[in-house]
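Since the structure comes first, as C-alpha cells, the remarks are kept for the end.
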Amino acid sequence: MIPGLDIKHVVVEEGAAEHGFGRRILDRLPPGLAQRADPGPGRSGAKDTLYLLPHQGAFLKPCPGTREYICCGYQILHVGTDCPLGCSYCILQSYLSKPGLRVFSNLEEGVDRALRTVDSSPQQIFRVGTGEFTDSLALDPLTGWSGLLVPKFSVRKNAVLELKTKTDRINELLRLPFRDRIVVSWSLNSPHVAAREEHGAPSVRKRLQAASRCQREGFVVGFHFDPLICHPQWREGYQRTLELLDRYIKPQRVIWISLGSLRFMPELKVLIRRRHPGSRILDGEFIKGLDGKMRYFRPIRAGLYAFLAGNLRKWHANPGLYLCMESDEVWREGLEVVPPGRVFDRGGEDRVAQIRDEFGPARAADQVQTGLTGGSVALLVVARGAAAHQVLPA
Ligand code: SF4
C-alpha cells in the first residue's frame, strides 16, 4: 500500500518505464505493487488501480469552454485522468472514454514541449491548471506532480500555474522553495454536500486548514465554490463554510474565487443514480442549457451566486469573483457586473494592487515569503483583470 492512498495495483503499460518521470514513480512504489497485467479489466473505473502509461496526445489544451457562455480562457495541462476521490457529481464519470486512474509517464517531455509553446509566445499570458481531468494534489505523494511542475512554471514570466484540489496533500508542495506564479486552490462546498456527496475528500475544515498553511508558507491561494448545490438549508450550509473561510484564511491573499452551479450532461444522471444511490443532487428541477448540460433554472442559479457573492464581498470588498460557464444575464443578476468578453474579474487590477499594497513592493528576500514578485503581480494583474491572452505589460 502507498501511505495515504488506497491504491492496490499499479499497471505499467507498454513504454511507461522508458520515461524518467514514469521510472521515478515506479521507484517510489512499495515492492510488488507494479504489474504488467490488468488485475481486473472488467472493473471499469475502479479507484484502487492506477495505470501508468505514456500519453499520446497534446499536453496543453484550451479548456473545453462553451461558446454560448463566458469562458475564462483557461489552459489545461494534461497530467493524468480521474482521481481517487468519488464525488457523486463528478463529470469525469461520463466524460472520460477510458475511466480509471491514469498517470502519464511521459509528463516531463510533454511539459517541456508545452513550455516551449509558452516561451515562444512571450506576449501571451498562459493561465494553466492541472485540476480539470484529475485532482492536482490527490496523487501527489505518489506522482510527485508538484515537484516536476512548480519549479518549471514558477520561473516563467508569462504563465500562472493553478493546482486545484479537494485534499490536504500539500507536503510535497510545501517542501519546494518556489512560490512565484503558483496558485494553490481548493474546491469548497457546504459541509453537508462535502460529507454526503464528496466521498473520500477531507472535510471543508481540513481543506481550509491546508489552505491556511499554504498561505502562511507564502503561497497565493484561490477557491472554487463549484458546484453550488441546492439542498435543504443551503444558505445556512454555505454560511457555515464562509465562517470557516473567515476563520482560517486571510482574504487579502486570495487571488480568485469562482462560483459555479451544478451542471451535467444528461447521460451522467443514469450513472449518478447507479453509482451513488444515496445522492440527493438530482432532487429538484433542471433545464437543458445552450451547451446541452442540465442546470438549475436561471433565477435559482442567480440566487445562489448573489448569496455567495454578497457574503464574500462583506468578507473582502473585492474577493476576485468570477462565474464559471454562465451567460451575461446571470453575471448581471448574480454578481451585478457584466464582463466584457472572455474575462473573469473586472475588479482584478484593483484587487492585485491591494495585495501589492498590503504586502509591500517585492524585495528579493520577500519573494518566497509573499509569493508575489513584481513580475507575478504584473502577471496576475493581467490574469485577473483582463483576458488570459492579453499582452503582458513591459
Ligand atoms: S475531486 Fe474532482 S476529479 Fe476527483 S472525483 Fe471529485 S469532482 Fe471528480
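Read-outs throughout are calculated quantities, based only on the coordinates presented, and are distinct from any laboratory measurement. From a predicted model like this one, the values you see are computed outputs, not experimental measurements. Glycine also receives a Cβ, built like all others from the backbone with ideal geometry; neighbour counts cover every protein chain displayed.
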(request) Any lysines with Cα under 28 Å of the Lys152 Cα? List them, leaving off those in the same chain fewer than 8 positions away. (result) Lys61, Lys164, Lys166, Lys250
(request) Quickly rank 198-204, 244-250, 56-62 as a protection proxy: mean count of other C-beta atoms within 10 Å, highest first. (result) 198-204, 244-250, 56-62
(request) Could you please state, rounded to a whole Å, how far the C-alpha centre of segment 242-298 is from the C-alpha centre of segment 102-146? (result) 25
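Per 0.36 nm of contour for each residue apart, how much would the distance between Lys288 and Arg175 grow if the chain were fully extended, relative to their Cα-Cα spacing?
Working: separation 113, 0.36 × 113 = 40.68 nm, distance 4.52 nm.
Result: 36.2 nm gained on full extension.
Suppose R0 equals 25 Å; then what is the FRET efficiency for His9 and Lys98 from their Cβ-Cβ distance, rounded to the nearest 0.05?
0.95
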(message) For Lys288, give me every one of the aspartates and glutamates with a C-alpha distance below 17 angstrom, ignoring sequence neighbours fewer than eight places off in its own chain.
(response) Glu68, Glu267, Glu326, Glu329
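Mind ranking 119-125, 219-225 by how tightly packed they are, going by the mean number of other C-beta atoms within 10 angstrom, highest first? Show your work: numbers first, answer last.
Working: 119-125: 13.9, 219-225: 23.4.
Per-residue mean Cβ counts within 10 Å order the peptides as 219-225, 119-125.
Out of segment 253-339, which chymotrypsin sites (Phe, Trp or Tyr not before Pro) are coil in DSSP terms and have no more than 12 other C-beta atoms within 10 Å?
Details: sites: Trp256, Phe264, Phe286, Tyr296, Phe297, Tyr305, Phe307, Trp315, Tyr322, Trp331; in loops: Phe286, Tyr296, Phe297.
Here the sparse-neighbourhood loop sites are Phe297.
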(request) Compute the distance in nm between two label points, each set 7 Å from the Cα along the Cα-to-Cβ direction, one at Lys269 and one at Asp27. (result) 5.1
(message) Starting from the 7 Å offset along Cα-to-Cβ, what nm value, one decimal, do you get for the label separation of Glu18 and Asp328?
(response) 5.2
(request) Arrange the peptides 75-85, 182-192, 90-100 so that the one whose residues have, on average, the most other Cβ atoms within 10 Å appears first. (result) 182-192, 75-85, 90-100
(request) Would you mind pulling out the separation of the Cα centroids of segment 147-190 and segment 315-329, in Å? (result) 22
